1. Could you work out how far the C-alpha centroid of region B:101-121 sits from that of region A:199-249, in angstrom?
2. Please find the FRET efficiency linking A:Asn93 to B:Arg260, where r is the Cβ-Cβ separation and R0 is fixed at 56 Å, and quote it to the nearest 0.05.
3. Once amide H atoms are placed 1.01 Å from N in the peptide plane, what residues at a sequence separation of 5 or more from B:Val55, or on another chain, have their amide H within under 5 Å of its amide H?
4. What is the gain in length, in nm to one decimal, between B:Glu93 and B:Lys127 on full extension, counting 0.36 nm per residue of separation less the C-alpha to C-alpha distance?
5. Per DSSP H run of n ≥ 4, the term is -39500 (n - 2.57); total these for chain A, divide by its residue number, and report the mean residue ellipticity at 222 nm rounded to 500 deg cm²/dmol.
6. What area, in nm² and to one decimal, does the C-alpha convex hull of region B:17-319 cast on average over all directions?
7. Between A:Asn257 and B:Ala179, how high is the FRET efficiency from 1/(1 + (r/R0)^6) when r is the Cβ-Cβ distance and R₀ = 35 Å? Nearest 0.05.
8. What share of the DSSP beta bridges in region B:17-319 is antiparallel, in percent to the nearest 5?
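Every read-out reported here was derived from the displayed coordinates using simple, explicitly stated rules and does not represent laboratory data. Note that this is a predicted model, so its numbers are computed, not measured. Positions of Cβ are backbone-derived with ideal geometry, glycine not excepted, and every protein chain shown enters the neighbour counts.
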Amino acid sequence: MILIAERINGMFTNVKEAIAQKDKKVIQELAKKQTEAGAAYLDVNVGTAAADQEAAMQWLVETIQETCSTPLSLDSQKPNVIAAGLKVINAENGLILNSAPLNRKNDEEILDKYMEMANQAGPKANIITLTMDKNGVPQDIDTRVAIAAEIVQKAMEKGFDTQRLFIDPIVLPVKVPNAQVQPSSMLAAMDQIRYLADPPPHMTIGLSNLSQGATERCLINRVFLAMAVSHGLDSAIVDVLEEKLINALATAEMLMNKQIYSDSFLKVYKTAGKA
Amino acid sequence: MSVPEVAESFTGEVSRVTLGATKDSGGTRTSTVTVGGARNMVYGGSRQDTGEKPVIAMDVLDSEPQDWPQVLAEPYKDVLDKPGEWAKKCVDELGADLICLKFEGIHPDKANKDASHAVKVTEEVLKAVGVPLVLWGCGNDEKDNQVMPKVSEAAKGENCLIGTVTEDNYKALTAIALADGHNLITEAPLDINIAKQVNILASDMGFPLKRIVTFQATGALGYGIEYAYSIQERQRLAALGGDKMMTMPVICDVGYESWRAKEAQLADAPGWGAVQDRGPMWEAATAICLLQAGVDIIRMRHPRAVATVKNFINQIWSSQ
């Protein structure tokens, strides 16, 4: 499982304050802890509060890289903010551009732009692409798969290795009227998305969104993560510091025969490398 | 239209382990041997993916073997009770990459020899040959725990490969191998789950994973080779998949297992062909089969089998 750690995000108060006060210690501590907890990538999101998002992104990237070499996932819906991060990032270890939809009403070429940015950043630059287009987030299985297919096709046409694509079928909060059907639709969509290319594109989800506003958030998150693993999910943006979540994940991967069982399977999961 | 690329590619690789220490590194070996490094299955991927050539560790016993069939004993008849000369013969005449010194004679049910004997033999063999050594206990936990630490100490600084440690008996030898700067063999009884667990246990004691070689136990042709084959293959796939607890190179014991087979031993079996050919063929066939599953160090015994397998390795690993 390719874990993308979610905690360096301006939506969290301590990160927001750290950005405002240029307090490097908070950020570097989060980078270290999440790396130790098994993160393959650290997501970096400036949030919405920063006055100058480009500058905030650059400060975060530089601050993290001062003490940590874990690859980063530059997270913004604004290409200019990601581009700002790319200017200062060390791309050698790999990185992710997070994220682009297939297209937008006001920007038909958005995914092309991300692919171009990724290519400029080097062969180890990946993209998270959302199964979403100008009509918004699809509510059914078929549209999700159809958009994913268009994404894969675009990548193939442009010679962009499908192994560099992380397709995100978009998790919606379960506690939204009429949204309870979404988790099972997502799983059904994932069953099809993995056959769009060989080897299959990566699939990732922003897990925490699922339990937004609900009670028993951690329980909901980890049960769904285990279910998604059984449908081919091989990456997720999660709180890697949540031990029960990682234990559930380790168990799910072991039960799916992605990790060889040993009596110490929980203990070694973080160091065992991705499946 | 171009031909599509169908080779599988992997993210992980088998770790490289270097055995032996020359004068520059504080030892007395005249050469070192590096194994591992494969980034694909055998025959899979590109030339760069093949890693280091597999090597042959020829068995030398600390005490004259009592139960070797005549066909196997014959080529060594002048040296069977002289481990130093035996080792020298294997290296100088038969092309052994390594010597595996097997302390058969310390077993309580066999000659039950003591630590001073084992130390003496170790020193004798170290002096006789310049290749790196594999030092292999007798398999009796209590006796190995008494003797092998002394053997380890006698070879301190030589960067040997020493073993074996198991899930139930790993602490003493792991600690001493760490202290004396050797590499360690972790053993499991044809059980991939236990194999992983032993590696974790050794690693928990602070033993570097990059200095471990695994031994999954070996089955000879006709005697469980399919189990050994599938476990080796599974280990290789786990290593290539990036499972850090399974990335070690592999040693297998083809010599002992092959010569246990009745097909290799039985003289009075006219329908099976000449007995002097059967054993070497059995040993070579077992080795070549396991090489294709992905093994790095092969313990072997008969000169003709060694020659056949070396020829195979040279053809396959040099032409890829």
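1. With region B:101-121 and region A:199-249 each reduced to a Cα centre, they are spaced 56 Å.
2. Working: r = 50 Å, r/R0 = 0.89.
The value I calculate is 0.65.
3. B:Ile297, B:Ile298
4. Result: 10.5 nm gained on full extension.
5. Result for chain A: -13500 deg cm²/dmol, rounded to the nearest 500.
6. Working: hull surface 58.7 nm².
For region B:17-319, averaging the hull's shadow over all directions gives 14.7 nm².
7. 0.40
8. Details: 3 of 33 bridges.
So the antiparallel bridges in region B:17-319 amount to around 10 percent.
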